[in-house]
Structures are given as C-alpha cells and as structure tokens.
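Heads up: the structure comes next, in structure tokens.
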Amino acid sequence: MALNDVKEIDTTGVLVVGAGPTGLALACDLARRGVPALVVERAPTLFPGSRGKGLQPRTMEVFDDLGVVGAVLATGGPIPVGMVWRDGERQGEHRMFDEPEPTETAPYTAPWMLPQWRTQEILLARLRELGGDVVFGAEVTELTQEADGVTARLSTGAAVRAAYVVAADGGRSILRGALGITMSGETVDPNPVLVADIRVPALDRDNWHMFPPADDTGLYTAICPLAGTEDFQLTAQFPAGVTPDLSLQGVRDLVAARTHLSADDVTAVRWSSDFRPRAALADRFREGRVFLAGDAAHIHSPAGGQGLNTSVQDAYNLGWKLAAVLRRGAPAALLDTYEEERRPNAARMLGLSTRIHRGEARRGAATRQLGIGYRDASLAVETREGLPEEALRAGDRAPDGPCGAGTLFDVFRGPHWTLLAVGTDAEVPSVDEELVHVHGIPAYEPYGKGLFLVRPDGYVGWAGTDARGGLAAYLARCGAPSRAHFPA
C-alpha cells in the first residue's frame, strides 16, 4: 500500500504505528470490529528475523479468537527438547519448562514455536482478509494532539487525522520519545548477545542444541531449529564490552569455536543482530490520545519468552476498548482502564523474565500467562460474597469447557461479549444480541454457579447471582447497553 500521492487522510479511527506483532494483532482486532485503522511501518518490509519465536498458551488463545491459530499450528511446532553437548558428544536432555497436559479449561498448555517473521506474515494475511493493510516505508515525523483527535505527519508527506494513535513502534519507540515518556529499568546482564537465523544442514533438527562453555566464563551458545523452516536460531553470549561480528564469516567462526561444527557447516546467515538484555517499563502507557503498546511500553529479556506475548496481550486489551468508545458510545473514560490493567501485568512479567534470565525462577506456570488477570482493576465487578479462595472471580480469565456440541471458547470467539448463566435460571436483561451473546450451561466446576459476563478479551468482567446487581450499568459503561435496566 502506498501513500506517496496522498496528502491528507482522515481515518476517523485509529492510527497504529508499527507493523510488529503488537500493531498487527491490534489492527486485526480493530478491523473485525469495524473500526477504521491505518497501520504505518517505517521499515520497507516486515521484520525479517525469528527473534520472538515462542508463543505462550494465552497468546494461542488470543490467536484462536483472532482467527489465525489454524495457520499458527500448521506452520509452527512444539518447542524441541534441549540437548547438551560437550566435546562433540551428547551429554543428555535438558527440559527448560514444565509440560502439563491440555485440560478442558485450557486447550493450549505448552509454548508453541513460530519464528517472529512468520507470526507477522500470518497476522498481516489475516489483516488483509479483514480489509486492512500496512503502509510500509512511512515514518511518523510529527504528532499534534487536539481535543478531538490527533494529526500525524508522515515521511511520505501525507497527514493522517485519527481519533487515537497507538505507538507500537518497538523498544526504541520514536513516538514514546516525542511524547516525553521515560522508561525505568535496569540492565539485566552486561554481556551482549548475538542472535542470528542460520542454515546448518549438518545439524539435526530434533533438539535445541546447547553448548556450555569449556571454561568458567559462563558464556552460553545455543542453536535451535525453527519449526516450519530450514533455519536455526543461533544465540551466543559475549563478554561485556565486546561487539559481536554479525557477518557470515563472523558467525561461522563463532560456531566453529564454540561447537563441534566446522565453519563451513554454516551455509547461510539469513538475519543477524545483537542486543544487551535489559528490563524497562514506561512510566505511563498513555499521553492524551496516544497509547503505548508492546515493546514501546516494556522491554524484556528474551528469557522465558514473555516479550512478544505480553505485547499481544496489550493489543488484545486495548482493541475492544477503542472499538467500544469509537463505535458503541462507551464513555472515553473506559480507555483509562488500559494502563490500569496492563501496566501492572507488564511489570510482573518483566520481573519474571529477569528472574528467569538470572536463574532465579523456572519456566513454569507463570510463563504460560494463563494466570494473568485483572481482579484489582476497576472493570472487575464481583457482586458475590463469601466465595472460597479457589473460586472464579471477576477479573479472572474465563476458562474453556464443554458447551453443547462445542466448547465455551467457541461461544466466546468473536468480537462480542458473552453473558454466561452457569447452573442457574436467574433472570437476565434483554440485550443487543449482536453485542452480547447469552448462553446457559449446567453447573460446571471451574465456574461454580452464577452469572458471568465475559469480556471480548476473554476475562470475566462482572459476576453475580442476580442481574439486578449492577449488570445493566456495567454493560452501559462498556458500550454494550441492555434494553431493560434493572434497578441497582
């Protein structure tokens, strides 16, 4: 898509800056809700590297809802078991994370491997199916906010007028800097890391190959087969102060020095980069009508695979709220809940990533992100009393489970809300069936009994035993008003 001859664009919707996983996931969510969105990306193409290659179970649930999980499953694969090598001999397997079995409540329980470039291709294809696209080679050079919108000047010469802007332009976000939003954080590790996508036909693809250092430097090297491709991802740590050689010969020399492979065994370097592991969190996620999402809001160590996944959760949280305000008449104050909900969770995930990097935590249940919730946020309205500690509450992720010939996730899938009556015949208000789907199921242990209003992003927003406990007011606050209003 080109804008070279366009001087002014009025989206009457959202300008998304950045076509990484965050921006593309958000654009897909907005498109299926009928919200006009323009995605601009300063690079000439999608990001070419494998960098964020692990998709956590909660992200798989999001992709299920966005309509891309089929492509993700078809082109990716499970995380391979680690294999430790020394002096050219296999020393034994190393399992980096626990592997629970799928359950009724969680159909996806283990990370799924897909190189980031493939994830982005799948999301872009889905966006185009939904009628959207990306403008490549377009950088935001100027941003002006007014009371009723934002005007962005692009490097193409075009001016874009939008109701809201989402900065999803990465860890070195230009928009974040232009807004004067600072980041607080720390250097997780002073040692730089080289990461590259390479071709090594001589190496088997059955394992994630790990090569501990022969000395006491502690500098790791690993070569991981990338599912669905012919490539491997090479990661190698260097001493502090060293600048890794990213060239083909530099990578070949590195592999020959640290593994049993020869330099000639590396037949190609398809992409390479280096970074210093850092953890940083934006001091705020919003400035007026501009929101930060993804790496623009939080920068993770790659340990534990939380960065891309936390970023997708940002997009999923923000998409339905923008649509509610722009298309359903929800009060603009609803958008305040984005930072309220996402910033504390991003902070927790940053802490987890850092602990895993330093060997202080294992890749366990928390890394799967199924336990993320918003119980303490203002959109979690729990009207029941005396609940046991293990009970599902407002703010929790709504579990999957059997429902008729399908599952609850089949019921939830789509841009609507779901009012779920579990083991109860309590009266419910008349609702707009396009916005709120009403379903009843028998008592189901993960839910117990009661009424559960499930948000478009799969979290329980309101829970109670009687719809007169403020359900109508809650729906109105979120842009899905009921036709009949019960007294509070």
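The values are calculated or read from the model by the stated rules, or taken from the named source; none is laboratory data. The structure displayed is predicted, hence computed values, not measured ones. Every residue, glycine among them, receives a Cβ derived from its backbone with ideal geometry; neighbour counts consider all protein chains shown. To get the accessible areas, we keep the full protein, side chains included, count just its heavy atoms, and leave off ligands, DNA and RNA. Shrake-Rupley method; radii C 1.70, N 1.55, O 1.52, S 1.80 Å.
Can you check what the net charge comes to around PRO225, using other residues whose Cβ is under 10 Å from the Cβ of PRO225 (Lys, Arg +1; Asp, Glu -1)? So the surrounding residues net to -3. Accessible area per residue for the stretch 360-450 is 49 Å², calculated with a 1.4 Å probe on protein heavy atoms, without ligands, DNA or RNA. Count Lys and Arg as plus one, Asp and Glu as minus one, and take only other residues whose Cβ is under 9 Å from that of GLY67; the net charge is then 0. Over the stretch 134-287, the hull volume per residue, using the convex hull of the C-alpha atoms, is 160 Å³.
The C-alpha atoms of the chain define a longest principal axis, and helix 248-258 lies at about 80 degrees to it. Computed from point charges on the beta carbon alone (+1 for Lys and Arg, -1 for Asp and Glu), the dipole magnitude for the chain about its Cα centre is near 620 Debye. Full extension of the chain between GLU89 and ALA214 yields a length gain of 43.7 nm, computed as 0.36 nm times the residue separation minus the alpha carbon distance. Short-range pairs are left out: with C-alpha atoms under 8 Å and at least six residues apart, the relative contact order of the stretch 183-285 is 44 percent. Sorting 72-78, 342-348, 296-302 by their mean Cβ neighbour count within 10 Å, with the most densely packed peptide first, gives 296-302, 342-348, 72-78. Quick check for you: which residues of the stretch 181-209 have the amide N under 16 Å from the point 7 Å beyond the Cα of VAL81 toward its beta carbon? Within reach of a label on VAL81: 204-209. For the residues LYS321, LYS53, LYS449, a 1.4 Å probe over the protein chains yields an accessible-area ranking, largest first, of LYS449, LYS53, LYS321.
In the stretch 74-124, taking the dipole from charged Cβ atoms about the Cα centre, the farthest positive-side position among THR75, GLN120, ALA106 is held by GLN120. The accessible surface of the chain, taken with every protein chain in place and a 1.4 Å probe, is 49 percent carbon and sulfur. Most simply put, the chain has about 70% antiparallel DSSP beta bridges, counting only bridges with both residues inside it.
For the chain, the longest principal axis of the Cα atoms and the long axis of helix 21-32 meet at an angle of about 30 degrees.
Per residue, the accessible area of the stretch 223-319 comes to 33 Å², computed with a 1.4 Å probe over protein heavy atoms only. Orientation-averaged projection of the stretch 300-344 equals 3.2 nm² [convex hull of Cα atoms, one quarter of hull surface area]. Each other residue within a Cβ distance under 13 Å of GLY414 adds +1 if Lys or Arg and -1 if Asp or Glu, for a net charge of -3. How big is the accessible area of ILE372 in square angstrom, nearest 10, if you roll a 1.4 angstrom probe over the protein chains? Accessible surface of ILE372 is approximately 10 Å². Each of GLU389 and SER430 was given a label point 7 Å from its Cα along the Cα-to-Cβ line. The distance between the two points is 4.6 nm. Scanning the chain for GluC sites (Glu not before Pro) in DSSP loops with at most 10 neighbouring Cβ atoms within 10 Å leaves 1-359 as the longest stretch between them. Potential lengthening of the chain between THR12 and THR144 amounts to 46.0 nm, from the contour at 0.36 nm per residue minus the alpha-carbon distance.
Mean sequence separation of contacting Cα pairs (under 8 Å, at least six apart), scaled by the length of the chain, corresponds to a relative contact order of 16 percent. Between LYS449 and ALA110, the simple label model (points 7 Å from Cα in the Cβ direction) yields a spacing of 3.9 nm.
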